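Structure record follows, encoded as structure tokens.
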Amino acid sequence: IFPDYLAALDLSLVGKARAAGILDLRVHDLRDWTTDRHRTVDDTPFGGGAGMVMRPDVWGRAIDDVAGLTTGTADGGGAGAVHLVVPTPSGETFTQRTAEALATEEHLVVACGRYEGIDARVAEHYRSAGMRVSELSIGDYVLNGGEVAALVMVEAVGRLLPGVVGNPESLVEESHGAAGLLEYPVYTKPPAWDDLEVPDVLLSGHHARIHRWRRDQALRRTAARRPDMVRALAVDALDRHDLEVLAEAGWTVVDGRLDRAAHGAP
Ligand code: SAM
């Protein structure tokens with residue numbers, strides 16, 4: 001109900017991809033599918049309680065149209081040609097893996113809720129109709145509406161499409177990539193700023209040493225900030241040096257998995 005929120009999709013790399021025809025993004029106003037004078041999209045919750053709930057009939061008309069189900073233009077595949085994404089704080093967590101999976105889809109429809117969210121029958125209805133439906137949360141906090149979550153998802157998914165990010169190499173070593181690590185710290189000119197110097201190794205031109213230093217930094221940073229990611233690392237994908245760096249940061253292999261080393265145990 002706030003299409004103007006999505007004006008940011010015209011900016012930066014997503015905006016350029018849109019202009020270049022790599023991404024076909026269309027923003028709709030849910031109120032276009034209302035039928036009453038007040039253009040009502042919500043009503044009081046059955047069972048009582050605070051707030052308002054978005055009506056399934058209005059959403060149903062909107063999604064049928066946007067997904068091409070009323071005109072039969074859903075890429076010839078009906079409901080099965082479309083993946084419906086419903087941003088909600090009660091959804092599964094949207095991660096880089098989710099972005100990678102969604103980037104393989106031809107047609108995504110994102111249903112941005114407001115108030116207490118969308119009547120639960122909407123997701124149920126489209127699932128039964130054969131549509132892939134993902135209820136996704138962008139994190140453990142509550143926003144006022146789904147528009148910001150939609151922007152997050154469009155940007156994370158869009159930048160994975162060929163031609164959106166100028167140099168595809170820059171996607172390879174990023175945080176949350178295949179290595180399961182956070183990215184190492186990055187530096188640029190000037191080499192000395194405010195008494196702070198760029199680490200010597202990065203100025204050495206020695207590619208193998210730079211590569212090792214960056215991997216050590218990625219391991220240390222991940223160990224310090226994201227213990228959940230360290231626990232999820234596949235031990236057989238780590239070399240002896242990786243394990244030494246992790247051991248310095250307090251992680252050891254126990255029963256084939258990384259765990260925090262026990263300290264001070266008798
Ligand atoms: N009553 C809902 C609950 O407790 O799960 C919260 C509704 S929230 C105020 C309104 C809308 O904001 C949601 O329907 C959803 O579209 C969006 N939203 C809020 N937080 C979100 C999050 N963490 N991830 C994705 N969407 C979110």
**Item:** All positions within segment 127-164 that are within 16 Å of the ligand (Cβ to nearest atom) and not aliphatic (A, V, I, L, M)
**Value:** 134, 135, 137, 139, 140, 141, 144, 145, 146, 147, 155
**Request:** Tell me, please, whether a residue that is among the hydroxyl-bearing types (Ser, Thr, Tyr) and in contact (Cβ under 8 Å) with a residue 60 or more places away in the chain can be found in segment 96-114.
**Result:** no
**Request:** Please identify the pairs in which a residue from segment 44-68 that is farther than 20 Å from residue 26 by Cβ has its Cβ atom under 6 Å from the Cβ atom of a residue that is part of a helix (DSSP H, G or I), counting only partners at least 6 apart or on another chain.
**Result:** 56/121; 56/122
**Item:** Criterion: within 13 Å of the ligand (Cβ to nearest atom) and surrounded by 12 or more Cβ atoms within 10 Å (Cβ to Cβ) - qualifying residue of 91, 80, 15
**Value:** 91
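FYI, it's all coordinate maths here, none of it is from the lab. Being a predicted model, the structure only gives us computed values, none of them experimental. Glycine also receives a Cβ, built like all others from the backbone with ideal geometry; neighbour counts cover every protein chain displayed.
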